[in-house]
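What follows is a set of notes on a single structure, which appears directly below.
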Amino acid sequence: MKVIKDELLRKHTSFRVGGPAKVYVVPEDEYELEKLIEYLYTENLEYKILGNGTNLLVSDEGVQFVVVEIGKNLDNVELLEDSPEGIFYVRALAGTLIGKAAQFAADHELTGMEALRGIPGTVGGAVTMNAGAYGTEIKDVLLSAEVITKEGKRLILSGDELKLGYRYSIVPEQEYVVVAATFALKKGDKNAIKAEMEDYQQRRKDKQPIEKASAGSTFKRPEGYFAGKLIEDCGLRGFRHGGAQVSEKHCGFVINDGTARAQDIYWLIGEVRKRVLLEQGVELTPEVKIWGNF
Ligand SMILES: Cc1cc2nc3c(=O)[nH]c(=O)nc-3n(C[C@H](O)[C@H](O)[C@H](O)COP(=O)(O)OP(=O)(O)OC[C@H]3O[C@@H](n4cnc5c(N)ncnc54)[C@H](O)[C@@H]3O)c2cc1C
């Protein structure tokens, strides 16, 4: 398998920031991945999984732990034969982009994943985060996920067993590695599926700064509020620190104008949280995962 020393993580994150990973490993397939996890566990080596890096803020100084990439190396989506009457199972390896899996479903006239088409992460990242958009979450369509435990054992778990909730699963705390996911979908109308996907895509283009480097929504939605609205009401639209900025287009997104350091983004996130708490009395929790020291 490919092992790279001092690989710059900014090449692998949508924020386009992040220093080197001391050791960066790209297993060739799921079996190599299984062996690797077992090895890292027996050697007591700390590691983290990197999907498409679209929900990550990595520190400028980088990270000391081993980073294991699950992306193009584990990219495959297929329609399973043995589905029950009226249900169609689509299985995707964890490195497949969730958008690609959704498009595959649409191409097979299967409905259920339309709203997930525009999420830029991998299937593994989407299961881990229980990603969702426009009223659909992974848990609504997930039959099961195949995970490797830290001891290197394979398990097949349902959404309930993974305790999928709002941007939450037990994957990180159990140190599971998602290897594949199977979605249960129904037959739909090809044109209706296509129209729905186009509508969601247009809404993203209109409302979100998708042309800028970001990690999507920076904060989770606090119960009863919208993070973007709270931030806007504090007068923070366009608020800057170094090359980091609260998006002018959507205040729920922190963006990198192309010159930001991870430290700028981190500082800005902290300041926004502080001001929203002071002025609105609401605590914002970052949705973005933070790697390394700040
Ligand atoms: C422009 C933009 C728009 C976005 N829109 C949305 C949206 O509409 N809805 C939404 O929910 N999110 C959205 N996101 C955020 C992001 O795409 C999702 O959270 C996505 O699920 C992250 O997947 P990833 O592969 O990029 O994960 P990464 O960012 O690589 O990792 C995220 C976390 O998951 C873990 N992880 C990744 N893969 C695995 C695996 N195989 N096994 C175990 N752990 C794993 C990582 O260790 C990390 O803790 C958006 C991001 C951007 C940049």
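Most exposed first by the Cβ proxy, i.e. fewest other Cβ within 10 Å, how do ILE138, ILE265 rank? Before the final figure, lay out the partial values.
On the way: ILE138 25, ILE265 29.
Neighbour counts put them in this order, fewest first: ILE138, ILE265.
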Out of the DSSP beta bridges found with both residues in the chain, what percent are antiparallel (nearest 5)?
80 percent
For the pair THR285/GLN201, report the inter-label distance in nm, with labels modelled 7 Å from Cα in the Cβ direction.
3.4 nm
Taking the chain and counting helices only, DSSP H stretches of n ≥ 4 at -39,500 (n - 2.57) each over all residues, the nearest-500 ellipticity at 222 nm comes to -8500 deg cm²/dmol
Give me the tail of P(r) for the chain as a percent: Cα-Cα pairs with distance above 32 Å.
27 percent
Per the C-alpha gyration tensor (a ≥ b ≥ c, the square roots of its eigenvalues), region 172-227 is rounded if a/c is under 1.5, else prolate if a/b beats b/c, else oblate; here it's oblate
Counted charge near GLU7, where neighbours are those whose Cβ lies closer than 11 Å (Asp, Glu -1; Lys, Arg +1):
+3
Inter-part gap, Cα centre of region 70-128 to Cα centre of region 233-294, in whole angstrom, is 32 Å
Charge-dipole axis of region 213-291 as Lys and Arg at +1 and Asp and Glu at -1 on Cβ define it, positive-most pick from GLN245, TYR266, PRO222:
TYR266
Sort 53-59, 218-224, 103-109 by the packing proxy (mean of other Cβ within 10 Å over each peptide's residues), most packed first.
53-59, 103-109, 218-224
Starting from the coordinates of the alpha-carbon atoms of region 75-207, obtain the Kirkwood hydrodynamic radius over all distinct pairs and give the value in Å to one decimal.
14.8 Å
Listed pairs LYS220/LYS289; LYS139/LYS212; LYS11/LYS72; LYS35/LYS72; LYS22/LYS153 exceeding 20 Å between Cα atoms:
LYS139/LYS212; LYS22/LYS153
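About its Cα centre, what dipole magnitude does region 75-207 give when the only charges are +1 on Lys and Arg Cβ and -1 on Asp and Glu Cβ, stated in debye to the nearest 20?
400 debye
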What order do you get for 229-241, 61-73 when each peptide is scored by the mean count of other beta carbon atoms within 10 Å, highest first?
61-73, 229-241
Using the C-alpha gyration tensor of region 1-158, what are the square roots of 5 times its eigenvalues, in whole angstrom, with the largest one first?
29, 19, 12
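Return the tail of the calculated pair distribution for region 2-71, meaning the percent of Cα-Cα pairs more than 15 Å apart.
Working: 1205 of 2415 pairs.
Summing the P(r) tail past 15 Å for region 2-71 gives 50 percent.
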Take every Cα-Cα distance within region 213-291, group them into 5 Å bins from 0 onward, and report for each bin the whole-number percent of pairs it holds.
3, 18, 31, 28, 14, 5, 1
Debye-sum result for region 140-294 in log10 I(q)/I(0), which assumes one identical scatterer on each alpha carbon, at q = 0.18 Å⁻¹:
-1.12
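Bear in mind these aren't lab numbers, they're just calculated from the coordinates by the rules spelled out. It should be emphasised that the depicted structure is a prediction, and the values quoted were computed from it without experimental measurement. All Cβ positions, even for glycine, are placed from backbone atoms using ideal geometry, and neighbour counts span all protein chains on display.
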